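One structure is given here, and the rest of the page talks about it.
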Amino acid sequence: MDTKQLSLMFRLAETLHFGKAAEIENIAQSGLSNQISKLEHELGFRVFERTNRRVSLSAAGEQFIDQAHLMMGRLESTIAECRAIAEQNRHIFTVGFFGDAAGELTHSIFTRFRQANPEIRLIVKELTMTNQVKSLISGIVDAAFMRLPVDDARLEYEIMFDEPRVAAVPASHPLASSRYLSIGQLLDKPFAVAGEGAPSDWASYWALRSELVEPCHVGAFVKSIPESLAAIAYQGAFDTYPLSAARIFQHPGVCYIPLQDATRSELALVTVKGNRSPAVLALKECVRKSLKEDISCLAGAHRR
């Protein structure tokens, strides 16, 4: 068994509903069912009792879930302690980013960090829509610049700034000539939607699914900005971007139109909860100084 299977089992034990658990975990219901069945086969007993109308924990399942929660808590604590020891020994600090990272402010932050911390080897790693949270939790990166909303109790968020969102529209579509757009004009359009593995609230936010009663029309599943741009330009999909990303990612087949009534995009510096390593604290200090002194390089952004 692996920790992903256990995580899915914990979610099903919480909801006792395959459909709800699959939606929260942003996985197909059939995929969730297969993972649960594989784990039960490996364990040698049923964790869940299933009927046509309900799902419930078996007696053995209740005991297993309780003990597995304790085991995972101990494992995460041990990993955090060992990670801190390893960090002290190697002085390597990996920062993840997706898309435009912190926009034009990124250069200021990393330059400050390198100048102030010459003893730390900074490694910068590009992340995708689907592996941002996983990369932090697994220790692939020590910190990440991440667009919200992401709601994971294992993480800590230091919101840096917010900025307007724009609609990314196929250049060949009649709406591409609009001066402004509203959310209502986009609700019936096919969207480039973050693929399986992306936080469900994050994927919904960018595809405007939080504005819909029914699921949005999916034009394409994507995991990166280039894939999103290609889906917009060549498959007729739509998307929303933060304003800074629209400045950085230009494409001849994509037009960026201001969204008058969309909530502003928040960017946060994200770490695993409780990570107080010297490198993390140093990066946070560099972020604060750059926000104070260089926020003007981000047109339309408000420091938080």
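The values are calculated or read from the model by the stated rules, or taken from the named source; none is laboratory data. Since the model is a prediction, treat every value here as computed from it, not as a measurement. With ideal geometry, Cβ positions are generated from the backbone for all residues, glycine too; neighbour counts draw on all protein chains shown.
Points worth noting:
- Scanning the stretch 111-131 for residues being in a helix (DSSP H, G or I) and either outside the structural domain of Leu298 (by TED's automatic domain parsing) or touching a Gly at 6+ places or on another chain (Cβ under 7 Å) (or both) gives a total of 0.
A quick yes/no check of all residues on (1) within 30 Å of Gln250 (Cα to Cα); (2) of a type outside the set (Lys, Arg); (3) assigned by TED's automatic domain parsing to the domain that holds Glu293:
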{"residue": "Gly19", "(1), (2), (3)": "no, yes, no"}
{"residue": "Asn26", "(1), (2), (3)": "yes, yes, no"}
{"residue": "Phe45", "(1), (2), (3)": "no, yes, no"}
{"residue": "Thr51", "(1), (2), (3)": "no, yes, no"}
{"residue": "Arg54", "(1), (2), (3)": "no, no, no"}
{"residue": "Ala101", "(1), (2), (3)": "yes, yes, yes"}
{"residue": "Ile109", "(1), (2), (3)": "yes, yes, yes"}
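- Qualifying residues in the stretch 7-59 (those that are in a loop (DSSP other than H, G, I, E, B) and of a type in the set (Ser, Thr, Tyr)) - the one farthest from Ala153 (Cα to Cα): Thr51
- Residue among Leu269, Leu186 that alone is more than 22 Å from the chain's Cα centre (by Cα), crowded, with 16+ Cβ neighbours inside 10 Å and hydrophobic (A, V, I, L, M, F, W, C): Leu186
- Applying the criterion of at least 2 residues that are closer than 24 Å to Arg154 by Cα to the strands (runs of 3 or more DSSP E) found wholly in the stretch 210-304 leaves 265-272.
- Matching option when the condition is in contact (Cβ under 8 Å) with a residue 60 or more places away in the chain and either in contact with a Phe, Trp or Tyr (Cβ under 8 Å, 6 or more places away or on another chain) or not acidic (Asp, Glu) (or both), among Leu6, Leu43, Leu39: Leu6
- Test result for Arg53, free of Cβ contacts under 8 Å to residues at least 60 places away in the same chain and over 29 Å from Ser224 (Cβ atoms): yes
One line per residue, one yes/no per condition, for (1) at pLDDT below 95; (2) among the polar types (S, T, N, Q); (3) in contact with a Leu (Cβ under 6 Å, 6 or more places away or on another chain):
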{"position": "Ile257", "(1), (2), (3)": "no, no, yes"}
{"position": "Leu267", "(1), (2), (3)": "no, no, no"}
{"position": "Thr271", "(1), (2), (3)": "no, yes, no"}
{"position": "Pro278", "(1), (2), (3)": "yes, no, no"}
{"position": "Ser290", "(1), (2), (3)": "no, yes, yes"}
{"position": "Glu293", "(1), (2), (3)": "no, no, no"}
{"position": "Leu298", "(1), (2), (3)": "yes, no, yes"}
